[in-house]
Amino acid sequence: MTTGVDLGLPLIGPRVRLEPGEAGSVTILDGGGARAGTIEIEDEGSSLFVRSLCIDVAMRGFGLGSEAARLLRGAAEDGPWTSVRAWAPPGEGLAVYFWFRMGFRPLHGEGPGGGLLLERRTGA
């Protein structure tokens, strides 16, 4: 599992702060320090795998998830990974759209649990 040390946490953006969570997770805080969601991640060697990025229902629609994804991607680009991969569960078109907007592209074949696996190269 990836730890906060591997990503250089905390990561601070204009409206979001990423803090170490429990093993394999990152806590997303809003600008005021309130918990806004979590990111579940795994180190797959050459890829950083985002198992899930979830924003709490009351905090959705303010761009916090997009900013958190950008901060995470930036940390991955500074790290040892050559790509970041994300999973969109089956039947979750909104998740696919979200990762497309973040510059991820689908990989061929079925992803974990029947969903879609998406990837963005880091340039490392």
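The values are calculated or read from the model by the stated rules, or taken from the named source; none is laboratory data. What you see is a predicted model; the values in this text were computed from it and never measured. Using ideal geometry, Cβ is built from the backbone for each residue, glycine included, and neighbour counts are taken over all protein chains shown. These area figures cover heavy atoms from the full protein model, side chains too; ligands, DNA and RNA do not enter into them. Shrake-Rupley method; radii C 1.70, N 1.55, O 1.52, S 1.80 Å.
Quick notes on this structure:
- Accessible area of segment 2-124 belonging to carbon and sulfur atoms, whole % at 1.4 Å probe: 54
- Protein-only accessible surface at a 1.4 angstrom probe places the residues ARG121, ARG35, ARG73 in the order ARG121, ARG35, ARG73, largest first.
- For segment 57-67, the Karplus equation 6.51 cos²θ - 1.76 cosθ + 1.60, evaluated at θ = phi - 60°, returns couplings of 3, 5, 9, 6, x, 10, x, 5, x, 5, 5 Hz by residue, with Gly and Pro reported as x.
- Simple spin-label estimate for THR82 and GLU42 gives 2.0 nm between the two label positions (7 Å along the Cα-to-Cβ direction from each Cα).
- Helical content alone sets the calculated 222 nm signal of the chain at -6500 deg cm²/dmol, taking -39,500 (n - 2.57) per DSSP H segment of four or more residues and averaging over every residue.
- Sequence-separation-based contact order of segment 53-124, relative, with Cα cut under 8 Å and 6+ spacing, percent: 35
- Amide H within-cut-off set for THR122, under 5 Å, with H built and near neighbours excluded: SER83, VAL84
- Calculated FRET efficiency for the pair GLU22/ARG70, C-beta based, R₀ 25 Å, to 0.05: 0.65
- Accessible area (Å², per residue) of the chain, counting only protein heavy atoms and a probe of 1.4 Å: 52
- Correct choice for Cα extents along the principal axes in Å that was computed from the model, options (1) 41, 31, 24; (2) 56, 33, 27; (3) 40, 31, 29: (1)
- Choice from LEU94, LEU53, LEU71 with maximal GNM fluctuation in the chain (Cα, 10 Å cutoff): LEU94
- Fluctuation leader among ALA34, ALA75, ALA58 - the chain, Gaussian network, Cα springs under 10 angstrom: ALA58
- The slack in the chain from ARG35 to PHE100, taken as 0.36 nm per residue of separation less the alpha-carbon distance, amounts to 20.9 nm.
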